[in-house]
Every structure is written in C-alpha cells, then in structure tokens.
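Have a look at the structure below before the remarks.
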Amino acid sequence: MKGDIHWHDLDYQPYSPMTNCCLIDFAGMMRDGFQIGNAKMGTPQSIQTAVLQMAQIIASVASSQYGGCSSDRTDEVLAPYALKNYQRHLAEAKEWIDDPHKQEEFARSKTKADIYQAMESLEYQINTLYSSQGQTPFTTVGFGLGTSWIEREIQRAILKVRIKGLGTERRTAIFPKLVFTLRRGTNLRPSDPNYDIKELAVECATKRMYPDVLMYDKIVELTGSFKAPMGCRSFLQAGTTRMVRRSTPGA
C-alpha cells in the first residue's frame, strides 16, 4: 500500500491482463502435446515440425504477454526429433545401398541438411513475428551442453545460421538472443569433445555479437543448479515454466 514493493505486472491490470516473461517448457509440450486455439498438436515426427511448433508457441506467448520467452537446452530438446529424421533416412538408404557404412554416411548427410534448414527456419520465423508491443519477440535460445552427434550438429547449425546473417543483406539478427553454455569436460578445454563447437561460438560472437556465454559450473556453484537466462538479466530455473514478477520495467 505504501509503494515500497511494486508488482510490475499490475501495470497492465485489469485492462490488459498480461504477464511479463516466461521460460517455456518446450520439451514437455512437444513430448506430451498441446493446444493453441482450435488446433491440438501432437508429438513432432521431424525436426522441421518441432521447429515449426516452437515458432507457433513463441508466437502465441508473445501475443499474450509483455517481455520475452526462453528456450533452455534447445539442442537437447530438438535432438529426439532430428533422430527421427535420421532413422527415416537410414531406412531409405537400406533400400538402395548395400554398404552399411555408406548407408550411415547417407543418413547422416541428409539429417545434417535437415537440421541446418530447420534452424535457419526458426531464425527467420522468429524475425517475422511480432509481440503484443509490435516488436520481434524477445526470445532467448540456450544451448551447448549436448554431446551426441545430433546435438552437436544442432549447436553447429544455430551458430552457422547466425554467422551467415539474416535476409539478402546478411544482417545481424538481434533475436533470438543466443546463449552458449561452457562446461568443464564438455567444451571448455581443447581435450573436451565439444571444444570445436566452442571455437565456432567464439567466431560467431566476434562477427555477430551473440552468443553470450554462461559458465555452467559457476552458476551451479553459486545457485545449486543450472539456470537459463531470460532476456538481458533474469534467470529462471531450467526445466520449468515460470512467470517472472519483477520490480523493474522492461523485458
């Protein structure tokens, strides 16, 4: 009553009952299905469909709240659907190719192309959306911890798409905000399995401003668990969907 504590979202009440920011549970929604409007979505059967669903979810969230939304561990979330692409390509290869090594080579090559096109599609779709405030949705994409070949390929595609640039003029995209996670034993040292991805992330940051970098081990040391950031400064608990109430304005 004295104004010592300001609940920021109340600015929008009761005429525009919107919240500020959230960490969307993309993994759970795509695994269990969800509904937007009259359309009930099932589990994606390809990485292309999974990325399309992500864009639809982001569009729905951005149109019904202020602030932004985060996707945590995006490479790990999308990997099961890229695996479905791989399995289909491998089955196709077995119909026409006798050599198992060449079958594997064909399936991986086709899957890598699918992954790149999917991540390029996500970049373009986010940049053609508008939030409730008439801006590109303030979207944060976190990645960098997956070590399987598919997860690594998704990480590489995210970075290569950003390095390539947006549109015919190859402009630097501001959103989605990319956040790359460093972790000892994963990508920090030259002997780590994903060190080459970290080098690509550094190249991307020098050319396109993003990705920002988080230190997994330090965040766990300070807070007890890993957090995915929301926008510029807020941190949300990974693996949950939460609405953030803040005492300062902005996304």
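With +1 on each Lys and Arg Cβ and -1 on each Asp and Glu Cβ, how big is the dipole of region 27-244 about its Cα centre, in debye rounded to the nearest 20?
Rounded to the nearest 20 debye, it is 540 debye.
Using just the alpha carbons, could you tell me how many Å³ per residue the convex hull of region 86-190 encloses?
Considering the Cα atoms of region 86-190, their hull volume per residue is 139 Å³.
Computed over the Cα atoms of region 27-244, what is the ratio Rg over Rh, Rh following Kirkwood?
0.97
May I have the pair-distance distribution P(r) for region 23-130, computed from all Cα-Cα distances with 10 Å bins from 0 and rounded to whole percent?
14, 41, 28, 13, 4, 0
Each value in this text was obtained by applying a stated rule to the coordinates, not by laboratory testing. Since this is a predicted model, take the numbers as computed values, not measurements. Glycine gets a Cβ as well: all are built from the backbone with ideal geometry, and neighbour counts include every protein chain shown.
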